[in-house]
Amino acid sequence: MVFDYVIVGGGSAGCVLAARLAENPGTRVLLLEAGPHADVAEIRVPAAYVRLFRSRYDWNYVTLPQERADGRPVYWPRGRVLGGSSALNAMIYIRGSRLDYDAWRDEFGCTGWGYRDLLPYFLRAEDNARGASAYHGTEGPLAVQDLRYKSEHGRLFITAASRRGALENDDFNGPVQDGVGFYQVTQRDGRRCSAADAYLARRPENLTIITDALATGLVIEGGRAAGVTYRRGGREETARAEAEVVLTAGAIGSPQLLMLSGIGPADDLREHGIYVIADNPAVGANLMDHPSVPVLWSTPAVKGLWESTGNAGFARWRLSHRGPLTSNIAEAGGFARSDPRLPAPDLQWHVLPAAFKEQGLTDAARRAMTVLVTLVDVASRGKLTLASRDPRHRPLIDPGYLSEVRDLSALAIGVRMARDYGTAAPLSKICAEELAPGDGVHTDHEIRDYIRRALVSTYHPAGTCAMGGDARDPGDARGSGGSGGPGAAASRKAPVGVVDPLLRVRGVDGLRVVDASVMPTLPRGNTNAPVIAIAERAADLITGRAPLAPLDPAEANPSPALAS
């Protein structure tokens, strides 16, 4: 089979690129996805996504035991289905802080990737039910809406936090990120809107999608990517690309495929008997994730979300797409700063009307609520390496949680802040008992020990094929993502970026990476919207279209708050 473009990975970025590249009817596009095309209730029903964890739709990754997290391995769910993780995430639509993208441009040499450059691509992707504005679009394929169901727990948290000084914020993607409120979600009329729903609902004839196809390697001829080998139905197949191969397999799959194909740290590749085509130590390095720690209370007087998800609740959802099953579970939350001198938030709250234990893998049938304290300005870095030259074997994942003490300190402050909100009215009236950390945890030492025992992933891996400018070193910026400020990690050298600002893989022609792995640092917030914006811009880079004109609402309405 011969195509112009072969795209490896049918997740969020892959769906965007497949649709955008196929807009030219003369362009032949192939999208390969390792998982199935699935239209099951657990994907369509917003509140059911936890049931997808450790199912056939989940890669079911687990990290190496984390030395600074009590020696525990941490579960990492990733979507193994058309739509990728957008088919099993919490649907929260967050872009991050403008400082994140300006740091990509200014501190990592990524020309064209500042906030002003990316904002028009966020808008191009978006169909926001609130209407068009300087910060939101309405003509894109990705549905963004307010929640149809909002639990009492979230309302009381917002009021309590505001009484403790937090700003009430109804748009975390607007001029100010700080504050508390309900999240907007990627839903359309009470149903999940995955990237596959948004971008592949109308499939043109020049777009071929092959599911259940595990990519096994890149075909590289004369220093150029000429195709992809993949396994499907027990047979090895080859798809050739006359223009480019684009990897959109995510922060785990993309570096793994590069290394399997001889692109990565030479010494490591040789240990596995892999012929080295391009020695690049940055492949698999710079692994980042947002760590979270749960704070739980029993709420016996308030009905739990799980009590409305039985047959009657499902029947209501089927008839009207309303009711508790339209909840994304992490309905409310917001952003805060562990130190008021920081230039942007470093903490995020996810408020759940349920007891979040064992990363959602245990029965939540107890009247309780959880505030997930999430660190979104992460200094710690890890790496991903091959376990074997066999593409069926999962790579070794070491996110290096809490390897920078600054991360532990910020989380400890976040836990104290969340507990403080729980003692404020009216939230305090429903919180009968603190279940975690619990009454026996008070001192800073005890809180830090609890964090090490309870730390979990927020499912936002990134950075393993990091982008960097030719004249810059991606490791020269501070671990704070360029924000600096109190407690910022010391500058440290890192390998040259895997891809350049055009997302081209260094050392091999005709090959790009377009997914969360190219992020030099993590945005402050959930990563699905940023990945979609990256892919929207990448489509213009690949086709040679002129980039969209930069936008900056701050220039029309200047305000000091816009710095966040």
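The values are calculated or read from the model by the stated rules, or taken from the named source; none is laboratory data. Model, not experiment: these values are computed from the prediction. Note: ideal-geometry Cβ built from the backbone for every residue, glycine included; neighbour counts use all protein chains shown. These accessible areas exclude ligands, DNA and RNA; they are computed on the full protein's heavy atoms, side chains included. Shrake-Rupley method; radii C 1.70, N 1.55, O 1.52, S 1.80 Å.
Residues checked against (1) under 29 Å from residue 165 (Cα atoms); (2) aromatic (Phe, Trp, Tyr); (3) buried (at least 23 other Cβ atoms within 10 Å of the Cβ):
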site	(1), (2), (3)
320	no, no, no
323	no, no, no
337	yes, no, no
342	yes, no, no
366	no, no, no
370	yes, no, yes
393	no, no, no
396	no, no, no
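Checking 234, 222, 190 one by one, the residue that is open to solvent by less than 30 Å² (accessible area, probe 1.4 Å) and either touching a Ser or Thr at 6+ places or on another chain (Cβ under 7 Å) or not basic (Lys, Arg) (or both) is 190 and no other.
For segment 451-466, give me each residue that is closer than 19 Å to residue 529 by Cβ, part of a loop (DSSP other than H, G, I, E, B) and touching a helix residue (DSSP H, G or I) at 6+ places or on another chain (Cβ under 9 Å). Those that are closer than 19 Å to residue 529 by Cβ, part of a loop (DSSP other than H, G, I, E, B) and touching a helix residue (DSSP H, G or I) at 6+ places or on another chain (Cβ under 9 Å): 459, 460, 461, 463. For the residues 131, 174, 217, 154, the requirement of being over 20 Å from the mean Cα position of the chain (by Cα), part of a loop (DSSP other than H, G, I, E, B) and at pLDDT 95 or above singles out 131. Among residues of segment 543-559 that are modelled with pLDDT under 75, those with a beta-carbon under 9 Å from a residue that is not in a helix (DSSP H, G or I) at least six positions away or on a different chain give the pairs 556/134; 557/134; 557/175; 559/175; 559/176. Only a single criterion out of (1) closer than 30 Å to residue 8 by Cβ; (2) in contact with a strand residue (DSSP E or B) (Cβ under 6 Å, 6 or more places away or on another chain); (3) assigned to a loop (DSSP other than H, G, I, E, B) is not satisfied by residue 390, namely (2). Of everything in segment 115-135 that is buried (at least 20 other Cβ atoms within 10 Å of the Cβ) and aromatic (Phe, Trp, Tyr), the residue that is farthest from residue 194 (Cα to Cα) is 115. From the list 54, 44, which one is open to solvent by 10 Å² or more (accessible area, probe 1.4 Å), in contact (Cβ under 8 Å) with a residue 40 or more places away in the chain, farther than 25 Å from residue 122 by Cα and not hydrophobic (A, V, I, L, M, F, W, C)? Criteria check complete, one pass: 54. Only one of the numbered conditions (1) surrounded by 21 or more Cβ atoms within 10 Å (Cβ to Cβ); (2) at positive phi; (3) modelled with pLDDT under 95 is not met by residue 305, and that is (2). Among the candidates 208, 138, the residue that is part of a strand (DSSP E or B) and open to solvent by 30 Å² or more (accessible area, probe 1.4 Å) is uniquely 208. Residues in segment 21-51 that are closer than 21 Å to residue 227 by Cβ and either over 21 Å from the mean Cα position of the chain (by Cα) or not in a loop (DSSP other than H, G, I, E, B) (or both): 21, 22, 24, 26, 27, 28, 29, 30, 31, 32.
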